[in-house]
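Notes follow the structure.
Each value in this text was obtained by applying a stated rule to the coordinates, not by laboratory testing. These figures come from a predicted structure and were not determined experimentally. For neighbour counting, all protein chains shown are included, and Cβ atoms are generated from backbone atoms with ideal geometry for every residue, glycine included.
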Amino acid sequence: MSEYVQQLMADVVAKNPSEPEFHQAVHEVVESLELVFERHPEYRSARILERAVEPERVLMFRVPWMDDRGDVQVNRGFRIEMNSAIGPYKGGLRFHPSVNLGILKFLAFEQVFKNALTTLPMGGGKGGSDFNPKGRSDAEVMRFCQSFMTELYRHIGPNTDVPAGDIGVGGREIGYLFGQYKRLANEFSGVLTGKGLGWGGSLIRPEATGYGAVCFACEMLKTRGQELSGRTCLVSGSGNVAQYTVEKLNELGAKAVTLSDSSGYVYDPEGIDPEKLAWVMQLKNVRRGRISEYAEYVRGAKFTPFDPSLGHNPLWTHEADCAFPSATQNEINEQDAKNLIKGGVTVVSEGANMPTTAQGVSVFLQSKILYAPGKAANAGGVAVSGLEMAQNSMRYGWTRDEVDTRLQMIMSDIHTSCVTAGERFGTPGNYVNGANIAGFLKVADAMIDQGLV
Ligand code: NDP
């Protein structure tokens with residue numbers, strides 16, 4: 001690592017203590033960018049990276065609300081407005097007890113480069129709360145969302161900052177958040193994406209991240225003259241991204257054999273076919289139950305609870321061809337990465353954000369498998385959010401086919417950008433470098449054009 005990058009990382013760590021996920025996300029990007037700085041000292045002298053690691057604005061606020069028993073609850077709300085060089089801040093809201101400033105800063109940082117890759121005019125941001133929707137009634141979730149938006153609404157807008165969903169924020173939460181925004185701002189605008197179809201949402205938005213991650217895997221396989229059909233796939237998570245990943249895998253003739261949630265995972269050697277997937281969607285989206293119930297519903301399926309003392313995740317030990325991590329950050333460590341390779345996996349397409357630790361990423365890169373980082377592989381979600389914004393501006397909705405065609409074109413363009421940037425900077429086949437470099441160049445050039453702001 002060059003002295004410049006070492007110093008930059010030391011400053012990031014010193015200035016942002018107790019934010020290991022943020023350090024990890026920055027480290028991955030700056031490592032890739034060493035190649036760029038050698039050839040383009042102008043980015044260094046404009047101190048683009050030093051500016052990019054500093055959010056343009058961080059909002060942190062109290063979210064008081066009342067539970068069903070009449071007790072007062074207090075959570076913490078955040079919005080990180082990271083970078084607006086190429087468009088309004090854009091990125092999801094996460095409601096999960098693990099949420100803190102560092103996690104949201106890592107997500108916002110990643111989002112800046114991901115959004116740049118989509119070719120759409122969107123800056124990067126992320127937000128959320130340490131609120132845990134699990135086990136809460138609809139009325140409690142509504143009261144929380146209303147209180148959260150009562151502060152957030154003054155900072156966002158269709159041309160300023162456009163939040164969307166993420167872990168713990170799906171259609172129900174976006175509905176409550178939008179309703180409160182509309183009431184406070186007295187306007188009906190495209191201020192959130194992931195809206196319901198009947199009130200400004202886009203077709204394919206719920207499906208987009210999972211479909212996009214599968215599409216990216218197909219693009220990678222094409223470079224080796226291969227396809228997904230007939231391949232066995234490991235999928236983690238059982239929320240929005242995991243569900244539509246499995247749907248697309250089924251459509252393309254592949255077989256998904258695992259799903260998980262925070263308590264454990266299920267292995268179904270026969271494959272999670274469309275009928276079983278419909279049952280999972282009902283379980284997770286309507287009944288809000290646990291994935292362990294799958295093993296009671298499907299004969300031959302096995303549930304294994306997670307055991308943190310194990311040091312690895314047994315989901316990744318099954319023999320398979322492809323892996324689609326779609327739950328959360330750092331769910332694949334070095335041992336998991338080795339287990340995946342040992343089990344025959346040659347394609348990893350990340351639906352989740354930063355699901356692989358830095359050591360795990362090194363294992364993938366050294367083994368020369370087809371490995372797509374989340375920044376590229378899961379960009380389909382925000383891409384269709386961008387298309388939702390475009391449709392809202394036109395006050396017009398595209399058909400399912402129109403949106404799907406655009407999504408596939410965007411994923412294919414992202415793939416091409418990664419491949420081209422990787423080759424141009426001397427690391428062909430390295431999608432990590434390709435994604436970081438291609439995203440960075442677009443943002444950096446815009447920052448230089450716009451002067452020192
Ligand atoms: P959901 O809330 O719909 O689902 C999340 C899934 O991951 C659930 O099965 C959940 O289990 C599991 N999970 C969450 N946290 C943990 C944890 N700490 N340990 C183990 N399992 C966990 O979220 P999404 O599907 O929307 O998001 C999944 C990933 O994809 C995230 O990394 C997100 O940032 C990323 N992403 C999402 C996009 C989107 O459009 N939704 C776009 C791009 C990326 P449980 O129910 O037990 O909590």
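Positive end of the dipole of segment 208-377 (Cβ unit charges, origin at the Cα centre): among 263, 309, 244, the Cα lying farthest that way belongs to 244. Working ranking of peptides 263-273, 98-108 by packing, defined as the average number of other Cβ atoms within 10 Å per residue, highest first, is 98-108, 263-273. For the chain, the relative contact order comes to 15 percent (Cα pairs under 8 Å, sequence separation of at least 6). Look at the dipole of the chain built from charges on Cβ: of 326, 371, 385, the Cα furthest out on the positive end belongs to 385.
Here residue 442 is the anchor, and the lysines within straight C-alpha reach of less than 24 Å, apart from those fewer than 8 places off in the same chain, are 90, 105, 114, 126, 375.
For a protection proxy built on the mean count of beta-carbon atoms within 10 angstrom, sort 195-205, 288-298 highest first, please.
Highest to lowest by the protection proxy: 195-205, 288-298.
Dipole size of the chain about its Cα centre, with +1 on Lys/Arg Cβ and -1 on Asp/Glu Cβ: approximately 700 debye, rounded to the nearest 20.
Antiparallel DSSP bridges in the chain: what percent, to the nearest 5? So the antiparallel bridges in the chain amount to around 60 percent. Paramagnetic label reach from residue 307 (point 7 Å along Cα→Cβ; backbone nitrogen cut-off under 15 Å): within segment 335-353, no residues. The length gained on full extension between residue 18 and residue 251, counted as 0.36 nm times the residue separation minus their Cα-Cα distance, comes to 79.6 nm. Placing unit charges on the Cβ atoms only, positive for Lys and Arg and negative for Asp and Glu, gives segment 208-377 a dipole magnitude near 160 debye about its Cα centre. Taking 0.36 nm per residue of separation and subtracting the current Cα-Cα distance, fully stretching the chain between residue 273 and residue 285 would add 2.5 nm.
Here segment 96-223 is treated with +1 on each Lys and Arg Cβ and -1 on each Asp and Glu Cβ, and its dipole about the Cα centre works out to around 80 debye. Remark on residue 90: its backbone amide H falls under 5 Å from those of 123, 124, 125, 162, a criterion applied only to residues 5 or more positions apart or on other chains, H modelled at 1.01 Å from N. In the chain, helical runs assigned H by DSSP with n ≥ 4 each contribute -39500 (n - 2.57); averaged across all residues and rounded to the nearest 500, the mean residue ellipticity at 222 nm is -15000 deg cm²/dmol.
Each of 29, 291, 48 was scored by the projection of its Cα onto the charge dipole of the chain, and the greatest displacement toward the positive side belongs to 291; charges sit on the C-beta of Lys, Arg, Asp and Glu. Of the peptides 186-193, 213-220, 356-363, 301-308, the order by per-residue mean of other Cβ atoms within 10 Å, starting with the highest, comes out as 213-220, 356-363, 186-193, 301-308.
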